[in-house]
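Shown next, in structure tokens, is the structure this report addresses.
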Amino acid sequence: MEGLLSTIASHLSQYHQTVTCAESCAGGLLSGAFTSVTGSSQWFYQSWVTYSNQAKQQLLGVHHETLLNYGAVSAETVREMAQGARLLADADYALSISGIAGPGGGSKEKPVGTVWFGLATANQVITCVQHFDGNRENIRQQAVAFALGLLVDNLFVYPEKKQRL
């Protein structure tokens, strides 16, 4: 993860860009990874841990209908989580994570280890799903590593510099 974090820090600092995140099953681990980097205050200002559906609605603007129709662990929900976080933080990039870390809570359609990811920029929102194995902590750590990789894979799509006052 250190290599991914180094790439993220270097790019965001160079281009005067920022990232934020909205986490559910990761419970702040992604934010913790970002803030473990010296100088992260230049490009990481805030994040949200929205573990409950109510928090997703109240803090990020996820629609009640989205949660009702698709559930918290879905492309639609992580899309709205990422969009809400990006707008609230006025960030260039926003990552979102929602999944089932276990050991309970899984179903046939969404087994333990199912994690949805969102990445929002001003121009697009990407969503994808991964299925991880292991215990609760393994799943959460794998989710954070995947989210960091997703961001790195998309960093150079919008490299224009922002002018910060």
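Before moving on, here are some points about what is shown:
- The residues on offer are Ala94, Ala85, Ala72, and the sole one that is small (Gly, Ala, Ser), in a helix (DSSP H, G or I), touching a residue at least 40 places away in the same chain (Cβ under 8 Å) and in contact with a strand residue (DSSP E or B) (Cβ under 8 Å, 6 or more places away or on another chain) is Ala85.
- Pairs where the first residue, in the stretch 101-122, is among the hydroxyl-bearing types (Ser, Thr, Tyr) and the second is in a loop (DSSP other than H, G, I, E, B) and surrounded by fewer than 23 Cβ atoms within 10 Å (Cβ to Cβ), C-beta under 8 Å, 6+ apart: Thr114/Val73; Thr114/Gly106; Thr121/Asp92; Thr121/Tyr158
- Selection within the stretch 97-110 - in a loop (DSSP other than H, G, I, E, B) and under 20 Å from the mean Cα position of the chain (by Cα): Ile100, Ala101, Gly102, Lys110
- His11 falls short of the stated requirement of being more than 20 Å from Asn138 (Cα to Cα) and outside any helix (DSSP H, G or I).
- With respect to (1) in contact with a helix residue (DSSP H, G or I) (Cβ under 9 Å, 6 or more places away or on another chain); (2) loosely packed, with under 14 Cβ neighbours inside 10 Å; (3) within 21 Å of Ala33 (Cα to Cα), the lone exception for Tyr93 is condition (2).
- Conditions (1) of a type in the set (A, V, I, L, M); (2) surrounded by fewer than 24 Cβ atoms within 10 Å (Cβ to Cβ); (3) modelled with pLDDT of 95 or more: number failed by Met1: (3)
- Residue in the stretch 63-71 that is at pLDDT 95 or above, within 17 Å of the chain's Cα centre (by Cα) and of a type in the set (Asp, Glu) present: no
- In the stretch 15-54, the qualifying residues are those that are free of Cβ contacts under 8 Å to residues at least 12 places away in the same chain and either more than 20 Å from Ala143 (Cβ to Cβ) or of a type in the set (A, V, I, L, M) (or both), and the one that is surrounded by the most Cβ atoms within 10 Å (Cβ to Cβ) is Gln54.
The values are calculated or read from the model by the stated rules, or taken from the named source; none is laboratory data. Just so we're clear, the structure is a prediction, and the values are computed from it rather than from any experiment. Glycine gets a Cβ as well: all are built from the backbone with ideal geometry, and neighbour counts include every protein chain shown.
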